[in-house]
Amino acid sequence: MFKRRRGASVAAALVGGGAVLLATACGGGGESGDGETNLVIDTFGTMGYEERIKEFEKEHPNVTVEERNVADLADYTPQLQQNIAAGSGAGDVVAIEEGIVAQFLGQPDQFVDLNDHGGAELEDNFLSWKWEGGHAAEGQLIGLGTDIGSMGMCYNVPLFEDAGLPTDPEKVADQWETWDDFIATGEEFMDAETGASFVSTIQPYFRAVLAQHGGAPYQNREGELVIEQQQTTRDSYDTVTSMSDAGLSASLPIWSEEWNAGIQNNSFATLPCPAWMLGTLEDTAGDEGTNQWNVAEVPGEGGNWGGSWLGVPAQSENQEMAIELAKFLTDKEGQLSAWEEANVLPSNPEALQDPAVTEFTRPYFNDAPVGEIYSTTAMELKPVYYGPETQAIDDAFRAALDSVEQGQASPDEAWSTVLDEAQRATGEG
Amino acid sequence: MTSLQHGAPPSPPPGSEGGAGTRPPDPDRARARRSQMWTRLDIRTSPYLFITPFFLLFGVFGLFPLLYTVWVSLHDWSLIGGNEGFAGLDNYVRLVGDEKFWNALYNTLGIFAIAVVPQLLLALLLADTLNRRIRMANVFRMTLILPYITSIAALAIVFSVVFGGEQFGLINQVLSALGLDPVAWQAERYWSWTAIATMIDWRWTGYNALIYLAAMQSVPKDVYEAADLDGASRLRQFVQITVPLLRPTIIFTVIISTIGQMQLFTEPTIFGNNGYAGGSQGQFQTVMMLVFQETFDYQNFGYAAAVSWVLFLIVVVMGLINVWLTSRIKGAE
């Protein structure tokens with residue numbers, strides 16, 4: 001699942017009017033008189049659960065499942081935080097995104113320990129890092145893995161043609177084995193003066209490069225801020241700011257209306273594409289974007305961006321059935337069904353090797369063999385640990401990179417702003 | 001000042017003369033006395049009963065949170081951990097040395113200055129124009145209120161196009177067609193203030209103009225006719241009749257706008273595209289946005305509570321300054 005920020009600011013403004021309180025007021029499911037069980041599952045973005053929920057209802061005739069979906073993760077997160085903190089209002093099953101999962105793992109009492117309900121047998125269902133990522137510090141199993149976001153690089157075919165660059169995915173990938181190569185390719189592209197920029201904004205590249213390094217980029221497992229100690233974080237930062245120095249960026253803030261317009265008008269040539277980004281691109285570019293884009297392998301190694309877990313809050317009144325649902329949605333068939341529906345990449349190793357995934361091509365992207373690209377890199381991912389304050393720190397980096405692109409701050413100045421903000425967020429300031 | 005008698009207990013109602021105790025009590029009289037007592041009780045307490053619901057609601061949803069905020073501001077407090085210990089005035093001390101707070105206050109006051117002053121002047125002129133005999137006056141009057149009832153979401157989309165960047169911004173496209181340099185609306189502090197002030201004025205000018213117009217319509221026409229006969233110009237009539245007669249209304253709008261503007265939140269939040277951060281370097285983050293950022297992004301409830309309290313005090317001070325300033329507009333008397 002993905003971080004979609006479009007409209008976040010509008011929603012944020014409305015939150016000021018007390019929408020937060022309203023949102024917390026609606027409760028989870030319950031049991032009605034005639035033995036019927038109503039389950040509520042809280043999701044965000046596009047999870048691809050529609051079909052699988054129907055099957056679940058077929059297998060359990062007394063159960064109805066309501067999917068309560070919030071499009072924007074930025075709106076979803078505070079609601080979930082407050083419902084969990086308040087002890088009521090959350091769904092029977094809730095989706096938890098990687099950027100905020102550490103926060104909830106830190107409050108294991110608020111969730112059902114799935115180890116007590118046969119969860120431990122499910123280990124083989126998940127890539128090992130995904131499996132571990134759903135555990136709290138003391139070993140409680142809080143979340144079952146849903147999808148992962150392994151990376152590809154989308155590129156605009158006509159623009160590459162205009163600039164005299166190769167357009168075949170393999171050749172494209174060959175010419176950018178490292179990020180330095182990528183920047184060199186970008187300079188070549190800019191020299192050709194197609195009128196477009198090489199990258200829309202350096203922000204998504206930061207997250208992509210960061211993820212490739214793995215480890216704990218922002219906070220360690222004790223919750224301490226390690227941005228300064230972690231050399232790879234600074235390296236990633238320098239890599240993307242040098243893209244800006246090289247003049248590759250169109251400086252369109254990601255998820256903004258202008259960024260959307262940039263996609264529709266072919267104003268930039270590349271975009272890091274975790275599996276879920278394909279859907280964003282297709283939705284935004286519309287029919288006119290058919291065959292405009294193709295997908296190649298990313299420079300550097302594979303890396304993960306995005307992905308979620310399903311947990312059962314302890315406040316649920318139908319824990320047994322909720323656990324069933326969480327298992328049902330995250331088993332191999334469940335993940336394949338979500339892949340077919342929304343192209344969210346499975347975290348189940350068997351599903352990743354299933355022909356339904358590996359042989360999948362996406363017509364909209366010049367029949368790119370996206371299944372193969374994503375599943376290969378998925379098997380060799382380095383897991384990333386994101387601490388409890390990831391969302392806030394990530395936002396600080398976004399703003400800082402924004403100010404570098406706008407020419408309002410030097411990379412060093414912006415870096416120190418990030419440190420200040422991160423300290424505020426972690427309470428160390 | 002009203003007479004003090006308003007507050008005094010009502011004089012004894014008719015029928016009670018004669019006083020109690022001089023004659024032996026009889027049942028009729030006792031009943032009459034009881035009913036008198038009820039009447040008196042009714043007269044004394046009913047007004048209070050009628051206003052009680054407001055004060056109960058205000059107490060629960062206004063006063064209690066207000067005071068509770070003081071309590072929170074004296075602690076380390078977070079969403080998940082709740083109360084994490086008494087901190088005394090630490091949060092306030094931190095605030096004094098916090099660059100981000102001063103930056104936010106500077107932004108708030110700056111946007112206030114460039115938004116409110118032109119807004120109220122423009123509203124006054126619009127109201128004066130619409131107060132004259134013109135064709136389709138009602139259509140124009142209705143139009144004034146349209147921005148106010150337009151949805152915030154629409155506002156956000158329209159203005160993000162108008163004040164867009166170099167490539168897709170409406171104004172910037174016009175500028176580049178004229179061969180001028182594009183304006184970095186988002187990136188540069190003062191341009192971002194200008195854009196936000198425009199959004200505020202677009203939304204609120206009509207609202208204030210309608211308030212002025214309503215007040216103007218209660219000014220007797222013969223005053224203007226007399227001024228016409230004396231050969232006073234339109235401008236002179238406006239300055240010497242309209243403005244002084246509108247003094248109470250002007251004070252009202254100035255104070256309401258001040259309170260609103262000091263808590264400015266909606267327009268800068270939807271103008272930016274990074275939530276409560278107010279631009280890539282906080283160049284248009286207002287104090288209220290800082291409160292929201294500390295609360296919902298960083299979950300420092302204690303510090304956010306301290307900032308809101310200081311903001312509250314600033315609003316009170318600004319309000320007093322306003323009263324003092326506007327009281328210097330020469331009254332009609």
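The values are calculated or read from the model by the stated rules, or taken from the named source; none is laboratory data. This one's a predicted model, so the numbers in the text were calculated from it and none came from an experiment. No Cβ is skipped: glycine too gets one built from the backbone with ideal geometry, and neighbour counts run over all protein chains shown. What goes into the accessible areas is simple: the full protein's heavy atoms, side chains included, and nothing from ligands, DNA or RNA. Shrake-Rupley method; radii C 1.70, N 1.55, O 1.52, S 1.80 Å.
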Tell me which residues, restricted to segment A:382-425, are open to solvent by 30 Å² or more (accessible area, probe 1.4 Å) and among the hydroxyl-bearing types (S, T, Y). A:Y385, A:S410, A:S416, A:T417
Test B:A156 against the stated conditions and say whether it is small (G, A, S) and modelled with pLDDT of 90 or more. no
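Name the one entry in A:T64, A:T43 that is open to solvent by 20 Å² or more (accessible area, probe 1.4 Å), of a type in the set (V, I, T) and either farther than 20 Å from A:I148 by Cβ or outside any helix (DSSP H, G or I) (or both).
Just a single option satisfies the conditions, and that option is A:T64.
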Positions within segment A:377-429 being assigned to a loop (DSSP other than H, G, I, E, B), within 11 Å of chain B (Cβ to nearest Cβ) and small (G, A, S), in sequence order: A:G407, A:A409, A:G427, A:G429
Within segment B:194-228, track down each residue that is closer than 22 Å to B:V158 by Cα, away from chain A (no Cβ under 14 Å) and touching a Pro at 6+ places or on another chain (Cβ under 9 Å). B:A197, B:D201, B:W202, B:W204, B:T205, B:G206, B:Y207
Please verify whether segment B:261-277 includes one or more residues that are more than 14 Å from every other protein chain (Cβ to nearest Cβ), under 17 Å from the mean Cα position of the chain (by Cα) and in a helix (DSSP H, G or I). yes
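Listed here are the residues, each with its yes/no results for (1) open to solvent by 30 Å² or more (accessible area, probe 1.4 Å); (2) touching a residue at least 60 places away in the same chain (Cβ under 8 Å); (3) acidic (D, E).
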residue	(1), (2), (3)
B:P182	yes, no, no
B:E188	yes, yes, yes
B:T194	yes, yes, no
B:T205	no, yes, no
B:N208	no, yes, no
B:K221	yes, no, no
B:A226	yes, no, no
B:P244	no, yes, no
Tell me, which residue of segment B:294-308 that is of a type in the set (F, W, Y) and not in a loop (DSSP other than H, G, I, E, B) is farthest from B:G85 (Cα to Cα)? B:F296
Filter segment A:280-306 down to residues that are surrounded by fewer than 24 Cβ atoms within 10 Å (Cβ to Cβ) and more than 17 Å from A:E372 (Cα to Cα), then give me how many there are. 14
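So, A:L252, is that one open to solvent by less than 10 Å² (accessible area, probe 1.4 Å), hydrophobic (A, V, I, L, M, F, W, C) and within 14 Å of another protein chain (Cβ to nearest Cβ) or not?
Details: open to solvent by less than 10 Å² (accessible area, probe 1.4 Å): yes; hydrophobic (A, V, I, L, M, F, W, C): yes; within 14 Å of another protein chain (Cβ to nearest Cβ): yes.
Yes.
Would you mind listing the helices (runs of 4 or more DSSP H) fully within segment A:71-160 where at least 3 residues are within 14 Å of chain B (Cβ to nearest Cβ) and touching a residue at least 40 places away in the same chain (Cβ under 8 Å)?
Details: elements: A:73-86, A:98-105, A:128-132.
Answer list for segment A:71-160: A:73-86, A:98-105.
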